[in-house]
Structures are given as structure tokens and as C-alpha cells.
Amino acid sequence: MEIARTIAAAREQVAAARRAGRTVGFVPTMGFLHEGHLSLVSAARRETDFVAVSIFVNPTQFGPNEDYARYPRNEAADLEMCASAGVDLVFIPDVDAMYPAGEITTVHVDELTTTLCGPCRPGHFDGVTTVVTKLFNIVQPDRAYFGKKDYQQFVVLRRMARDLDMPIDVIGCPLVREPDGLAMSSRNALLTPDDRRRARSLHQALCAARDAIATGERNAVALVTAMHRVLERAAPEHIDYVSVADPDTLQGVPRIDGPVLLALAVRIGDTRLIDNMVVDPTGPPA
Ligand code: AMP
């Protein structure tokens with residue numbers, strides 16, 4: 001496995017793979033890797049010949065009062081996990097390499113960023129779309145893999161690639177959970193034992209709504225109320241939003257008459273957690 005710390009080194013490694021006729025898969029991450037990240041690597045390994053992972057905690061996607069400084073980091077463990085997962089290249093730039101200062105260009109996706117996490121995290125998606133554009137231009141992959149854990153991020157990036165004619169297949173991979181249902185996340189390491197117990201309420205709320213849909217509930221307000229009730233039992237510090245939305249436009253829907261995105265964001269202790277589930281009332285259970 002090669003490790004590149006500069007943009008030039010990353011480009012060189014990918015160019016060598018391309019010269020050898022290999023297709024390139026790319027998994028962008030912020031590190032502190034877990035099984036969720038590795039599921040993306042597995043998909044990339046199945047579908048492409050050369051797998052690049054980036055590890056970069058991107059400062060521009062964090063708000064001034066968010067957790068950039070305390071975001072968990074462990075480079076040695078990440079590199080070990082990448083090596084055993086069969087990753088070919090890890091691109092692990094520092095902030096100066098990615099932002100040498102003076103940047104005045106931002107990539108902005110409209111509409112899809114005005115709902116769900118958008119209003120709670122001003123500037124967040126601009127940070128994501130801009131850094132992913134930079135990473136795409138550096139790695140120039142054939143296929144890039146994102147988790148549906150960050151469902152809105154996946155939808156935004158898929159649209160960005162389409163609208164800007166980026167010649168990259170943006171692939172969404174299934175959300176990976178802990179045995180008790182909690183969505184795997186690097187941020188779970190920030191939870192105290194009490195927070196961790198209370199964090200189960202996110203998945204429990206989604207399951208309650210899914211079950212209500214299965215038994216015939218079609219009213220979005222009733223589903224939102226049911227999810228709130230489950231969340232509030234765990235006494236969260238704050239509920240940012242609970243939403244029943246169209247899985248493509250991410251806009252709220254009043255009634256369920258096809259596949260629907262159940263999505264929520266909650267602060268437990270000092271940690272903001274998100275979770276979601278797509279439920280199709282006409283299809284098999286999620
Ligand atoms: P992050 O390091 O949190 O920025 O995540 C990097 C990539 O891994 C993103 O595409 C995430 O959606 C994905 N990811 C993170 N957690 C999970 C999970 N539990 N299941 C599936 N994908 C995940």
C-alpha cells in the first residue's frame with residue numbers, strides 16, 4: 001500500500017495505475033475508520049482495480065461552534081485498517097496541502113442543501129462539495145463510493161457530479177449499524193457511556209416510524225410525532241430535525257404514497273448524531 005501526503009504524490013500513484021490499465025475506485029473519508037468505511041472499500045475493491053482512500057478532516061465543512069478540534073483522529077490505526085482491507089493508495093494530506101491559502105472558489109449545490117442538515121449547519125455542504133471536487137480532481141477516479149449514513153451528502157454529491165459533468169460514477173452504499181442499531185460513526189467515540197445508551201433512540205425512532213408505516217400510517221405529521229416521542233424518552237440535549245421527505249428531492253412530504261426518507265439529527269451530550277432510513281410502503285420491509 002502506498003501512502004501519499006502531497007497532491008503530486010497522489011497524482012503520480014494514480015497515473016501509474018492508469019498506465020497499467022487499471023480502473024480507479026475512490027473512498028473519501030475523514031478517518032477514524034470503522035466497518036462503515038470498510039464496507040465502502042469492499043465495494044470499491046469488488047468493482048474497480050485500484051482503490052484509493054483519502055483521510056482528511058476537512059476544516060471548511062465544520063462551523064465555528066462545531067467539533068473540528070475534537071473530531072477523533074488515529075492515523076496509525078487507520079493506515080493499518082486500510083492495509084488489511086487491501087487499499088492500494090491512502091491520500092493523507094495536511095490542511096496546508098489542501099488549502100495553501102488564498103482560495104476564493106466554492107462549489108455550491110442549491111435546493112438539495114436547503115433542507116435537513118442544511119439549515120442547521122450553514123456552509124457545511126459548500127465545504128463538502130468543494131473539498132470533494134478538489135479530491136475528485138486530484139484522484140480522478142472512475143467510481144467514488146459514499147455511505148447512505150450521510151444520505152443527504154450522497155444525494156448532493158451525486159447531483160454535483162451530474163450537473164458539473166464530472167466523469168465519475170457516484171455510488172451510494174448501505175448504512176452499516178452496530179449490533180444494537182446505532183449507525184456506525186467516527187463521532188460515536190465521543191459519546192460517554194450514558195450518551196451511548198441514549199444514542200440508541202435514533203434508530204429506535206426510525207424503527208417506530210417504519211413499523212407505523214407497515215401497519216398503515218400514511219400521515220407524515222403522525223410519523224414525525226411518533227419519532228419525536230421515542231427520541232424524547234432518551235432526553236436528548238437537542239433535536240435538530242425529524243423529517244419525512246422525498247428520497248430524491250429531500251423536501252418534506254405530507255403523505256406517504258411511495259418510498260420515503262425518514263431522517264433525523266439529534267444532539268446527545270456534546271455530540272451531534274444523524275440517522276436515516278428509506279422505507280417503501282409498497283415494497284419489502286426495510
Ligand atoms: P466520514 O469519515 O464520516 O466523512 O465518512 C466517510 C464516508 O464513509 C462517507 O461516505 C460516509 O457516508 C461513509 N460512512 C460513514 N459511516 C458509515 C456507516 N455507518 N455506514 C456506511 N457508510 C458510512
Counting only residues that are open to solvent by 50 Å² or more (accessible area, probe 1.4 Å) and β-branched (Val, Ile, Thr), region 109-138 contains a total of 1
Filter result for residue 189 (surrounded by 19 or more Cβ atoms within 10 Å (Cβ to Cβ), of a type outside the set (D, E, K, R) and either in contact (Cβ under 8 Å) with a residue 12 or more places away in the chain or part of a strand (DSSP E or B) (or both)): no
Looking only at residues that are closer than 12 Å to residue 267 by Cβ and of a type in the set (A, V, I, L, M) in region 182-208, which one is farthest from the ligand (Cβ to nearest atom)? 191
Does region 153-160 include one or more residues that are in a helix (DSSP H, G or I) and away from the ligand (no atom under 12 Å from the Cβ)? yes
Looking at region 5-31, which of the residues that are under 19 Å from residue 189 (Cα atoms) and either open to solvent by less than 30 Å² (accessible area, probe 1.4 Å) or in contact with a Lys or Arg (Cβ under 6 Å, 6 or more places away or on another chain) (or both) is farthest from the ligand (Cβ to nearest atom)? 31
With the checklist (1) near the ligand (Cβ under 9 Å from one of its atoms); (2) over 21 Å from residue 61 (Cβ atoms) in hand, flag the one item residue 169 doesn't pass. (1)
Here is a list of conditions, (1) more than 8 Å from the ligand (Cβ to nearest atom); (2) touching a Gly at 6+ places or on another chain (Cβ under 7 Å), and residue 149 meets all of them except one; can you say which number that is? (1)
Tell me whether region 53-70 contains one or more residues that are surrounded by 20 or more Cβ atoms within 10 Å (Cβ to Cβ) and away from the ligand (no atom under 13 Å from the Cβ). no
Yes or no: residue 47 more than 11 Å from the ligand (Cβ to nearest atom) and not aliphatic (A, V, I, L, M)? yes
Would you say residue 169 is out of contact with any Ser or Thr (no Cβ under 8 Å at 6 or more places or on another chain) and within 22 Å of residue 34 (Cβ to Cβ)? no
For region 21-33, indicate whether the set of residues that are in contact with a strand residue (DSSP E or B) (Cβ under 6 Å, 6 or more places away or on another chain) and part of a helix (DSSP H, G or I) is non-empty. no
Which of the following residues is under 21 Å from residue 31 (Cβ atoms), part of a loop (DSSP other than H, G, I, E, B) and touching a residue at least 40 places away in the same chain (Cβ under 8 Å): 87, 109, 132, 128? 87
How many residues are loosely packed, with under 14 Cβ neighbours inside 10 Å, on the phi < 0 side of the Ramachandran plot and among the hydrophobic types (A, V, I, L, M, F, W, C) when one looks only at region 71-108? 5
For the condition more than 11 Å from the ligand (Cβ to nearest atom), at pLDDT 95 or above and either open to solvent by 20 Å² or more (accessible area, probe 1.4 Å) or closer than 23 Å to residue 283 by Cα (or both), what is the one hit in 174, 179, 141? 179
On the basis of being within 21 Å of residue 58 (Cα to Cα), among the acidic types (Asp, Glu) and more than 16 Å from the ligand (Cβ to nearest atom), does residue 103 make the cut? yes
Against the condition over 20 Å from the mean Cα position of the chain (by Cα) and outside any strand (DSSP E or B), how does residue 77 come out, does it pass? yes
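The values are calculated or read from the model by the stated rules, or taken from the named source; none is laboratory data. Given the structure is predicted, the values throughout are model-derived calculations rather than measurements. With ideal geometry, Cβ positions are generated from the backbone for all residues, glycine too; neighbour counts draw on all protein chains shown. We work out accessible area using only protein heavy atoms, side chains counted, and drop any ligands, DNA or RNA first. Shrake-Rupley method; radii C 1.70, N 1.55, O 1.52, S 1.80 Å.
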